[in-house]
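A quick write-up on the structure given underneath.
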Amino acid sequence: METPEIIASEPANLYEIGYLLNPLIPAEGVSAEADKALCTPIEAVGGEVASQLMPFMRPLAYSITKSIGSKKSSYKDAYFGALRFELTADKIVALKKSLDKSEMILRFLLIRLPKNAERVINFSYRKPASRHEGLADRSVAPKEVETVSKGEINEEQLDKEIEGLLIEQKVI
C-alpha cells in the first residue's frame, strides 16, 4: 500500500517594502502607478498585499541617479511609499528581480518583518526642517556664569570653619 505524500506548503512571511518612485509621475496618477509597479508584481508571484502607505512627494537627502533606457537621470525629490505583504520565502528572489527591472522605482528596500509584527503600516511623517530655516535666530550668545551669593560671613565663622576642616584632616 502506498502512502500519500503530504506536501507541506511553506508558511507565508510578512514583508515590508519601502520605495521611492520617479517624481516625474503626475500627482493624480501616483496611486495607480504604485499599484502597477509594486502590487502587480507581488500578486504575480503569489503574494497578498496587507496594507499600503500611499506615496507622497518628499525631498531626498541626496540626489539619486537612475538609468532609464540609455539615459541617466538625477533626482532630488521622489514619491516615498511603503507596502506590507505576505509571500513565501522562495518567491522573494523572483519578486526582487521583477522590481529591479521597473523604470518607475528609483530605489527600494525589502525587509522581512518579525512574526509578531502588525499587518497595518503605522507611519507618521515629520517634515524635515530646511537647512536655511531659522539660521538668523541661532545667534550664539556668550554663556552667562551664574553667581550665587550665600550672604556675608564674618571672620569668626570663617575661622571656625577652617579649624573644623583642619581637625577632620588630623583625625583621618
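Of (1) farther than 22 Å from PRO11 by Cα; (2) assigned to a loop (DSSP other than H, G, I, E, B), PRO114 satisfies all except one. Which? Here PRO114 clears every test but (1). Given the condition aliphatic (A, V, I, L, M) and within 22 Å of GLU118 (Cα to Cα), answer yes or no: does some residue in region 52-61 qualify? Yes, some residue in region 52-61 is aliphatic (A, V, I, L, M) and within 22 Å of GLU118 (Cα to Cα). Would you confirm whether or not region 47-56 contains a residue that is of a type in the set (Asp, Glu) and closer than 23 Å to ALA27 by Cβ? No, that holds for no residue. Screening PHE108 against (1) modelled with pLDDT under 65; (2) surrounded by 10 or more Cβ atoms within 10 Å (Cβ to Cβ); (3) of a type in the set (Phe, Trp, Tyr) leaves a single unmet condition, (1).
Selection within region 68-105: residues that are of a type in the set (Gly, Ala, Ser) and in a strand (DSSP E or B). The member of this set that is surrounded by the fewest Cβ atoms within 10 Å (Cβ to Cβ) is SER74.
SER63 falls short on exactly one of the conditions (1) of a type in the set (S, T, N, Q); (2) within 17 Å of the chain's Cα centre (by Cα); (3) loosely packed, with under 13 Cβ neighbours inside 10 Å, and that condition is (2).
Pick from region 17-60 the residues that are assigned to a strand (DSSP E or B) and of a type in the set (S, T, N, Q): which of them is surrounded by the fewest Cβ atoms within 10 Å (Cβ to Cβ)?
Of region 17-60, the ones assigned to a strand (DSSP E or B) are 17-21, 48-60.
Next, only the ones that are of a type in the set (S, T, N, Q) stay: 51-52.
Working: SER51: 14, GLN52: 19.
Checked region 17-60; the qualifying residue surrounded by the fewest Cβ atoms within 10 Å (Cβ to Cβ) is SER51.
The values are calculated or read from the model by the stated rules, or taken from the named source; none is laboratory data. Quick caveat, the model's predicted, so the values are computed rather than measured. Backbone-built Cβ (ideal geometry, glycine too); neighbour counts: all protein chains shown.
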